[in-house]
Each structure stands twice: as C-alpha cells, then as structure tokens.
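J.: Would you mind keeping the following structure in view while I ask a few things?
The values are calculated or read from the model by the stated rules, or taken from the named source; none is laboratory data. Here the structure is a predicted model, which means the values were calculated and not measured. Cβ atoms come from the backbone with ideal geometry, glycine included; neighbour counts cover every protein chain shown. Ligands, DNA and RNA are excluded from the accessible area calculation, which covers all protein heavy atoms including side chains. Shrake-Rupley method; radii C 1.70, N 1.55, O 1.52, S 1.80 Å.
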Amino acid sequence: MKFALSTLKSYPALAMIAVLFTAFSLMSPYFLASGNIEAIMGANAVVMIAAVGMTVVFLAGGIDLSISTVISVSAVVSGQVMAATGSVPAGVIAALIAGLAFGALNGVLIGYFRLTPFITTMATQLIARGLAFVLSAGIAVKGTPYWMLDFGFMLWLGIPAVMIIAILATAVSGFAISSTTWGRHVMLVGSNEEAARYSGIDVRFTTFSVYLFSGLMGGLAGFISIANLGNAIPGVGDTLLLIIIGAVVLGGTGMTGGEGSVGRTVLGVAILAILTNGLNLIGIPFYDQLIIQGVLIFLGTWMAMKLGTRRGV
C-alpha cells in the first residue's frame, strides 16, 4: 500500500490515467474493445516517437518547435523516395536523413552559434513546413509500396506494429538517457550549464547532439506517419506540436532542464491518447475537447510542480 502511494506521488500521471481509464470504461461500452485499444496505440505511435525527441531536448534545457514540421518534410521525402524506387528501406533511410539534416541545422545554430532555441527552431519550423509543401506541390505523395500500406495494419503480439517501433525507440532512448555518459551529460547541462562546463563536459557538442537526436526522432515519426495514413501528407505534423509538448509536460518533464525522463513522457502520451479517444467515443465536439485538454495540462503541470516541491526536486 505504501509503495502504491509512493508511486502515485512520484508519478501523478498514473493517477490521471487510472481516473480517465475508469471513467471512459463506464461511459462508453466501446472503450475497452480490443479494436479500440489497438486504434489508440496505432494512432499515437507518431506522437510518442516525437515526444521522446522533445523530452531529450527539454532535459538539456532547450525546446524544439520544428519537430512537428520535420515530421512533415521527412514524410514527404520518404514518400517520394519510395514512390521512385519502390524500396521501403530506402524510404526509411531518406526519412532519417531528412530529420537528421534539420536536427543538425538546429544543433549547429543553437549549440555552436549560441542562438536562442525558441527563435531558431521557430525559423526551422517554417523552413521545414515550406519545404514539405514545395516538394509535394501541396498534395499527398502517391505511390507508397503495398508492403508499407500493410505495415500500417500489422499486429505483432497483438500490438500494432507501428507502436512496437515506437516502444523500441522509446526503450533505446530511455536507456541512453538513464544509463550512458551521454545521458548524464544531457541531464547536467540541463540542470546547470555552467557547472557542466566546469566539469569538463563539452556543452556545445551536448547541445548539438540533443537537437540531432530530436531530428532523428522527427524523421522516424515522419516515416511511421506514412504507414498510419497510407500516403505521405505534407501537413501531417502541422497540428502535432502542442500535443507533443503537452504530452511531455503532462508526464512531468520540466521545460527548464535536468528534471524528467522518457518514461514519464510515455505516461503523458497515454493521458492525451486516452482522453482524446474517450471524448470522441462519448461524442464531445472537437473544440470542447481542446478546452478539456488545456485544463488537463494545467492540472497536470500544477500537480507535478507541487509534488516536485514536496520532494525537494
């Protein structure tokens, strides 16, 4: 009992998930249906991957406003390569390279030229969005290989294949942050950049690396979005930025750096995924859903701050 209470105090997002899960189970007979659970997981694979990338940036004390449109341009580039070659592996590589290119651009400008992360990533957000629409002429890229279309509906061990990819990416990222020297450097830079510099950490390279990582996750998310939608959509990431940030914040990762984890972000993604699905099932209009989501993010942030203060975090 004490362990359960301690866990809930440490991870308030778990309490939110339990409340939402119970409430929607009672309000809709369809919520617990296996098909609906599969739909929730499949629909949120892209958000989970991108949110992991944003988490690592937050942990280093930065922000990446471009990740949503990096998803879009990576999807377009990947879709065009697959349409031209018929090769899914080539599409994966193209998406990752596109994401890494924007990540490297952000990383160089912020890490080495010391530009402000907010303004810099806002600029690259616009560049990525414009490039996605220029390359695609503003329409969906056709010619996705049939295997890619099938992949979007595949189940592995009863779990959508796209979510399995998201889980693997999350697990590797979580290990990198919690158990490697690089992860410790990221946390220290986010906690106290001056202390990190005096400790001999290459702050510029560490900053560069987190944006490179975010770009990589954006590229992977762009590729997965094609499996979800069947085609590469130039505006696929346009509405995802606030959802990605909301998931990270709801999970309990601070925007000031050095506090949080990839695991917490998974909980934040789960909260928004369950909330959106449940509200749709009970017939709540879209704009009313936005109000509820906003209130929930306020609540989650407040709870995380209160509990963090009590723990002396």
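J.: Give me, ordered by chain and number, the residues 5 or more places off residue 232 or on other chains with an amide H under 5 Å from its own placed amide H.
T.: Those lying under 5 Å, H to H, from residue 232 are 141.
J.: Rounded to a whole number, what % of the accessible area of the chain do carbon and sulfur atoms account for, probe 1.4 Å?
T.: 72
J.: Accessible area per residue for the chain in Å², computed with a 1.4 Å probe and the full protein assembly in place, what is it?
T.: Spelled out: the 1.4 Å probe surface of the chain, per residue, equals 46 Å².
J.: So, R0 is 30 Å and r is the distance between the beta-carbons of residue 286 and residue 126; what FRET efficiency does that work out to, to 0.05?
T.: 0.70
J.: In nm, what is the difference between 0.36 nm times the number of residues separating residue 153 and residue 181 and their Cα-Cα distance?
T.: 6.3 nm
J.: Which cross-chain or sequence-distant (5 or more) residues have an amide H under 5 Å from the amide H of residue 155, H modelled 1.01 Å from N in plane?
T.: The answer is 161.
J.: Just one of [x] 19.8; [y] 20.3; [z] 22.1 is Kirkwood radius over Cα pairs in Å as worked out from the coordinates here. Which one is it?
T.: [x]
J.: Given a Förster distance of 22 Å, report the FRET efficiency between residue 115 and residue 239 from their Cβ-Cβ distance, rounded to the nearest 0.05.
T.: Efficiency computed from Cβ-Cβ geometry: 0.25.
J.: Which order, highest average first, do 206-215, 131-140, 147-156, 238-247 follow once you tally other Cβ atoms within 10 Å for each residue and take the mean per peptide?
T.: With the highest mean Cβ count within 10 Å placed first, the list reads 206-215, 238-247, 131-140, 147-156.
J.: Show me, for the range 135-146, the HN-Hα J-couplings you get by feeding each phi into the Karplus relation (A = 6.51, B = -1.76, C = 1.60, θ = phi - 60°), rounded to Hz, glycine and proline as x.
T.: Using θ = phi - 60°, the values come out as 5, 9, 6, x, 10, 4, 7, 8, x, 5, x, 4 Hz.
J.: Using each residue's phi in the range 281-296, evaluate 6.51 cos²θ - 1.76 cosθ + 1.60 at θ = phi - 60° and report the 3J(HN,Hα) Karplus result to the nearest Hz, with x for Gly and Pro.
T.: Result, ordered by residue: 5, 8, x, 7, x, 4, 6, 5, 4, 4, 5, 5, 4, x, 4, 5 Hz.
J.: Quick one: dipole size for the chain, taken about the Cα centre, charges +1 on Lys/Arg Cβ and -1 on Asp/Glu Cβ, in debye to the nearest 20.
T.: I would put it at about 580 debye.
J.: Determine the distance separating the Cα centre of the range 257-300 from the Cα centre of the range 135-192; give it in Å without decimals.
T.: Using only Cα atoms to place each centre, the spacing works out to 20 Å.
J.: Still on this structure, please answer the following. Ranked highest first by the average count of other Cβ atoms within 10 Å around their residues, in what order do 282-292, 39-49, 69-79 fall?
T.: So the order, starting with the most tightly packed, is 69-79, 39-49, 282-292.
J.: May I ask you to evaluate 6.51 cos²θ - 1.76 cosθ + 1.60, the Karplus curve with θ = phi - 60°, for each residue of the range 111-126 and list the ³J(HN,Hα) values in order in whole Hz, giving x for glycine and proline?
T.: x, 9, 9, 6, 6, 5, x, 4, 5, 4, 6, 5, 5, 5, 4, 5
J.: State the answer as a single residue: which of 191, 85, 60 lies farthest towards the positive end of the charge dipole of the chain, with beta carbon charges of +1 for Lys and Arg and -1 for Asp and Glu, about the Cα centre.
T.: Towards the positive end, the residue furthest out is 191.
J.: If the elastic network links every pair of Cα atoms under 10 Å, which of 52, 236, 262 fluctuates the most in the Gaussian network model of the chain?
T.: Answer for the Gaussian network model of the chain: 236.
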